[in-house]
Amino acid sequence: MILITIHKGVIRKIVWLFWLFCLLLFCAFQVFSPGDSYPSHDLDSVTVLPAKDSVFFNTVYFNTGDPDSFYYESTVRSPVCNDTLCQVVLLKVFWDLRGNYIRFDTLINHPLTKNDHKPFTSSDYRKLHLTLRDQNSVLGRKKEDELIDKVQTRYSEKIDAVTGATDLQIKNAVVEGALYSTYTLWHLVNGGIGKRLKGYTSANYNLDMEKQLMRSDDPLAIIFALKQWAVKDYTDRFPDVLKIMKNGSPMVNFYIAKKLPPESLASANHQKAIQDIWSSLDPNTKSILVKYLLEE
Amino acid sequence: MVCVLIIGGWIQIIPLQAQDILIEAESFKFRGGWLVDPQFIEQMGSSYLLAHGLGQPVEDARTSFTVHKNGKYHVWARTKNWVPGPWEAPGKFKLGVNELVFETLLGTIEDWNWQYVGEIKLKKGSNQLILKDLTGFDARCDAIFFSQYNTPPPGELSTLKRWRSTVLQLPEDPDEHLYFDLIVTGGGIAGCAAAIAAAEQGLQVALIHDRPVLGGNASSEIRVHTLGIYGHFERILRMLDTEHYPNGDPRAKQEDEKRMANIRRYNNIHLFLNWRAYNAFTEKNIIQYVDAQHTSTGERLRFSGPYFVDCTGDGWIGYWAGAEYSYGRESVDTYGESWEQHGELWSPEEPDQFVMGSSLLWRSYQTEFSSIFPEVPWALEVTGDFAAANGEWQWEFSRNDLHQIDDGEFIRDHMLKAIYGSFYNEKQKPGNENLALEWVSYLLGKRESRRLVGDHVYTFNDMRNNVKFPDSVVVEKREVDVHFQQNLLNSSQPDFLSEALFYQVDTYYIPYRSLYSKNVTNLFMAGRCFSCSHVGLGGPRVMRTTGQMGAAVGYAASLCKKYSITPRELYQNYLQEYMQLIMSSNDPDNNP
C-alpha cells in the first residue's frame with residue numbers, strides 16, 4: 001500500500017510538471033502571438049499590472065489622445081486556473097480617471113472560454129462586464145479557495161448582506177461555467193491597480209481632466225474632482241458650484257454642502273441662488289445648508 | 001386643588017380636582033389587539049397603545065375606572081395622526097364609555113397632543129372604557145383624561161411630565177429600592193451574556209429589559225439572526241443565539257423560548273421584564289442607582305449596586321450618568337479610517353450625522369383565499385410605485401437630519417409607510433390576489449446610535465491591522481460592513497433601502513478597555529454602544545460579537561466585586577487573572 005501511495009504521489013507530480021510545462025509553452029506563445037500589438041498612439045506608459053502569481057506583467061497606458069476623453073488601458077494577459085486546468089485569458093481593459101474599470105474588449109482570435117472550452121456567449125460577456133463593474137462585488141471579499149466548496153455543497157439561502165457573501169451571491173456574481181475566470185479578472189481590474197491609476201491622475205491633474213470628471217454621471221467622479229479644489233475655490237467658483245448642485249446627485253450635493261465655507265454663502269446673491277434651487281435639493285443636503293441660511 | 005407649573009418664567013395654574021381622572025392607555029386591563037409601545041418614552045412622554053393590525057382593525061381594548069363624583073365630564077385622548085397630509089388619517093379610532101361610543105374620530109391631530117373627545121355624564125362608581133380601532137393601521141393612544149373643567153391637560157412635554165406626576169400622585173422617587181451586585185440594563189444578547197457570566201461567578205444580577213421577551217434585535221419581535229463567531233464564550237452564547245435562518249423568520253420564537261429557559265436556570269439572575277430604565281443618578285462620577293418604570297403599570301423601582309452595565313444599545317445609562325459619548329460619522333482623518341475604494345461612502349472627509357439606519361423586517365405569504373389590502377394613499381408618497389412582498393435587512397432608513405434616537409418614532413413610521421405602500425403595490429399585480437401580510441415588526445431594529453467612550457476607542461485600523469491587545473477579550477472574523485442609503489448614489493431609488501460595503505479582514509480583537517466608560521467610574525458597556533468609531537462599529541455590531549462583549553463584562557464585574565475595584569483598576573492591576581477567567585469560560589467547571 002505504501003509503495004502504491006508513493007507511486008501515485010510521483011505520478012501526480014509528473015502530471016503537474018507536465019501541466020506547468022504546457023502552461024509555460026502556452027504563455028510563451030501568447031506573449032509573442034500576433035494578438036499582442038503594442039499601442040502606438042498618444043499613450044503614456046503608467047504602471048505595470050502583474051497578473052496572477054506574476055506570470056505576466058501587463059503594461060498600463062494612459063491615453064491622452066483626446067482631451068475630452070482620457071482613460072487608461074492595458075492588454076491584459078492572465079492565467080486562470082481551476083483545480084485541474086489552466087488557460088490564459090487575453091483582454092483589453094479600460095479604466096477611467098479614478099482607476100475604475102470601464103469596459104473590456106476581446107482581441108481577435110482570443111475569445112473567452114468557459115471551463116468546458118465553450119466560448120462565451122454575448123450574455124456571458126455582458127454578465128462579466130457587469131460583475132467587473134461592481135466594485136462591491138462579493139468576489140472582492142472571497143479568497144480563491146473559498147469559492148468552490150460553498151458553491152457546490154451548501155444549499156442556497158436568500159441574500160444576506162449582513163452575513164456577507166452567501167453562496168447564492170457568488171453564483172449570481174460569476175459567469176456560469178467561468179467561476180475562476182470571473183474571479184481572477186475581477187481582482188485583476190479592481191485590485192490595487194485602481195489606487196495607482198487614481199494616484200497617477202492626481203499627480204498629472206489638469207483642467208481637461210476636471211471637465212471630464214465633472215461631466216460624469218458617477219457622483220464619485222465628481223467628488224473626486226471636487227477633492228482637488230482648495231477651500232477658497234468654493235467661493236471663487238460659486239457659479240460652478242451652483243451648476244453642479246443643480247444637476248448633482250444627492251451624494252455630490254451633500255459633499256458640497258459640507259465643504260462650503262460659510263463665506264461662500266455670505267452674499268445675498270448666493271443666498272438667493274441657493275434658495276432658488278432649494279426645492280430640488282435632497283433632505284441631507286438641506287440639513288447642512290439650512291444652518292447657513294438661518295444664520296443669514 | 002391646583003397644579004402650579006412654571007413654564008418659561010410664567011406660572012400656569014391648571015385646576016385639578018379629586019374627580020379628575022387620568023387613565024394611561026398602556027395600563028388597560030384587557031388590551032385586546034392593541035400593543036404596548038414603550039420605544040419613544042423619552043421623546044413623547046409615555047408608553048402608548050398601538051393598533052398594529054396590518055390593515056385589519058384590531059380587537060377592542062377595555063378597562064374599568066372609578067368615578068368618585070356624579071356629573072358631566074369633558075374627555076380628551078392623547079394621540080396623534082402619524083401621517084398628516086391630504087388624506088384621511090390612517091390610524092383612526094373611537095372611544096367608548098359605558099354604552100356610549102363617541103362619534104369623534106381620534107388619531108386625527110398632528111403631533112402628540114390632547115384631542116377633545118366630547119362630554120359625558122358619569123355616575124359614581126365603576127365605569128367601562130373602550131378603545132375601538134377603526135383601521136388596523138397603527139392608531140395610537142397614550143392616555144385618556146376626564147375632567148369637569150373644560151381645560152385640556154398641558155401639551156408641552158416637560159410641563160406634561162410634571163402634570164402627569166401630580167395627577168397620578170407619583171412620589172419623587174420610587175418607593176421600592178433593590179440592591180444587586182450588578183445591574184444590567186438591556187436584555188439583548190449582550191445583556192443576557194453579561195448576566196450569565198456574572199451570575200456564574202456568584203453575583204446577584206438584576207437584568208432589566210423593556211420588552212416581554214429577551215434577545216433584543218434577535219428576539220421574535222425584531223427577528224434579526226445572530227452573526228459572528230463565539231470567541232472564548234461558545235458555551236454561554238449557544239444558550240442565547242439563533243440559527244442562521246433568513247431575517248424575519250418566525251423560528252425566532254423558538255429561539256426566544258430557548259433563551260428565556262436558559263436565563264431562568266440561574267437563580268441569581270433577577271429578571272425584570274417590561275421594565276424600562278428612565279434615569280441613572282451619578283455622584284462623583286459613580287452611578288448610585290438606576291430607576292426603572294414598568295411599561296404597563298407605571299410602577300417604579302430603584303436599582304442600587306456597585307457596578308452597572310449599559311446594554312441598552314442607545315447608551316441610555318451612560319447618557320443619563322454623564323458618560324462621554326459620540327454620535328455620527330467621524331471625519332476620515334479623525335482616526336485615519338479611509339478606504340480608497342469607497343471614499344465618502346465609507347468615511348467622509350467632513351464629519352456628519354449620517355449613521356447606519358434602523359430596520360423594520362416584514363413578511364407576506366400566500367393564503368388560501370383572496371383578500372383585499374386597503375388603499376394606502378398616505379404611504380405611496382414614500383414608496384411611489386415601488387413594490388415588494390418581503391423586507392430584509394436592506395429595508396433601512398437613515399438621514400443626516402434624523403437622529404436615530406430622538407427621531408425614532410418618525411423613522412419607525414417612515415418604515416411602516418414604506419412597507420404598507422410597497423405591499424399595496426405588490427398586491428395589485430396579477431396573481432397576488434391571495435397574498436397577505438403575515439408579520440410586520442413595529443419595533444425598530446437599530447444598528448447605530450450613541451457610542452459610549454471608553455479608555456480605548458475601537459476603530460477600523462484595529463480591525464484591518466489585526467491589532468492584538470494584552471486585554472483582547474473579544475475575537476471576531478466577520479467582514480467590516482458599513483451601510484449607506486441607496487438613494488445617495490441613485491436618486492431614483494426609494495429612500496428606505498440601503499446597501500452594504502464589505503471590507504474583508506482576518507481575525508481581529510476588541511480590548512476590554514473599550515468596554516468600560518472613560519469617565520463614569522463604575523459603568524461597563526456591551527453591545528453596539530461600546531467604545532468605537534462609526535467604522536469601528538461596522539464589524540463588531542452583530543450579535544454574537546456583542547454577546548462576547550457582554551460575557552467579557554460579566555466576568556470583569558465578578559473580579560471587580562471580588563477585589564472591590566473599578567473596571568479600570570481591573571485592567572491595571574488584575575489583568576492576568578481576568579484573562580485567565582476569560583480563557584476558561586468554556587470549561588465545564590464554569591457551568592453551574
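Arranged from highest to lowest average of other beta-carbon atoms within 10 Å per residue, in what order do the peptides B:335-341, B:282-288 appear?
The most tightly packed comes first, giving B:335-341, B:282-288.
For the protein assembly as shown, what is the charge dipole size about the Cα centre, in debye to the nearest 20, if Lys and Arg each add +1 at the Cβ and Asp and Glu each add -1 at the Cβ?
The dipole of the protein assembly as shown has a size of about 1160 debye.
Indicate the gyration tensor shape class of the stretch A:229-295 (rounded, prolate or oblate), computed on the Cα atoms with a ≥ b ≥ c the square roots of the eigenvalues: a/c under 1.5 is rounded; otherwise a/b larger than b/c is prolate and the rest oblate.
rounded
On the first, second and third principal axes, largest extent first, how far apart are the outermost C-alpha atoms of the stretch B:252-405 in Å?
56, 52, 30
Hey, could you get me the Stokes-Einstein D for the stretch B:358-440, Kirkwood radius over alpha-carbon pairs, 20 °C and 1.002 mPa s, rounded to whole µm² s⁻¹?
Rounded, D is 161 µm²/s.
Using Cα positions and a limit of under 17 Å, work out the lysines in reach of residue B:72, with same-chain residues fewer than 8 apart set aside.
Output for residue B:72: B:121, B:123, B:124.
Near residue A:272, which lysines are there with a Cα under 17 Å away, not counting those fewer than 8 places off in the same chain?
Reachable lysines: A:243, A:246, A:286, A:291.
Take peptides A:188-197, A:263-272, A:127-136 and line them up by average Cβ neighbours within 10 Å, highest first, as a rough protection proxy.
A:188-197, A:127-136, A:263-272
Inside 10 Å of the C-beta atoms of A:248-258, what's the mean count of C-beta atoms belonging to other chains?
For this peptide, the per-residue mean of nearby foreign Cβ atoms is 5.
In what sequence, highest mean first, do A:111-117, B:104-110 appear when ranked by Cβ atoms within 10 angstrom?
My ranking of the peptides, most packed first, is B:104-110, A:111-117.
Local charge sum around residue B:464 (other residues, Cβ-Cβ under 12 Å, Lys/Arg +1, Asp/Glu -1)?
-4
Taking every pair of Cα atoms in the stretch B:19-167, average 1/r, invert it to obtain the Kirkwood radius, and report Rg/Rh to two decimals.
Rg/Rh: 0.94.
On C-alpha positions alone, give me the angle between the axis of helix B:189-200 and the longest principal axis of chain B, in degrees, nearest 10.
Result, in degrees: 60.
One quarter of the convex hull surface, Cα atoms only: what value does that give for chain B in nm²?
The Cα convex hull of chain B, projected and averaged over all directions, gives 28.1 nm².
Using a Förster distance of 56 Å, how high is the FRET efficiency between residue A:211 and residue B:156, based on the Cβ-Cβ distance and rounded to 0.05?
0.55
Which lysines, on any chain, are close to residue B:429 with Cα under 26 Å apart, when same-chain ones fewer than 8 places away are left out?
Once the sequence-local lysines are set aside, what remains near residue B:429 is A:158, B:417.
Which entries in A:211/B:446; A:92/A:195; A:127/B:446 show an alpha-carbon gap greater than 31 Å?
A:211/B:446; A:127/B:446
How charged is the neighbourhood of residue B:257? Take every other residue with its Cβ under 11 Å from the Cβ of residue B:257, and add Lys/Arg as +1 and Asp/Glu as -1.
+3
Where q = 0.05, 0.07, 0.10 Å⁻¹, what log10 of I(q)/I(0) comes from the Debye formula for the protein assembly as shown, counting one point per Cα?
-0.35, -0.67, -1.25
Please list log₁₀ I(q)/I(0) at q = 0.18 Å⁻¹ for the stretch B:306-347, using the Debye equation with identical point scatterers on the alpha-carbon positions.
These q points yield log10 I(q)/I(0) values of -0.66.
Could you pull out the GluC sites (Glu not before Pro) across the stretch B:346-382 that fall in loop regions by DSSP (anything but H, G, I, E, B) with no more than 14 other Cβ atoms inside 10 Å?
Qualifying residues, ordered by number: B:368, B:375.
Counting only other chains, and only Cβ atoms inside 10 Å, what mean value do you get across the residues of B:258-270?
Neighbouring Cβ atoms belonging to other protein chains average 0 per residue here.
May I ask you to derive the relative contact order of the stretch A:229-295, considering only C-alpha pairs under 8 Å and at least 6 residues apart, and to give it as an integer percent?
39 percent
For residue B:432, enumerate residues with amide H under 5 Å from its amide H, sequence gap 5+ or separate chain, H modeled in the peptide plane.
Amide H neighbours of residue B:432: none.
Near residue B:104, within a Cβ-to-Cβ distance under 12 Å, what is the net charge of the other residues, with Lys and Arg +1 and Asp and Glu -1?
Residues close to residue B:104 contribute a combined charge of +1.
Read-outs: derived from the displayed coordinates by stated rules, not from any lab. Every value quoted in this text rests on a predicted model; they were computed, and no experiment measured them. Using ideal geometry, Cβ is built from the backbone for each residue, glycine included, and neighbour counts are taken over all protein chains shown.
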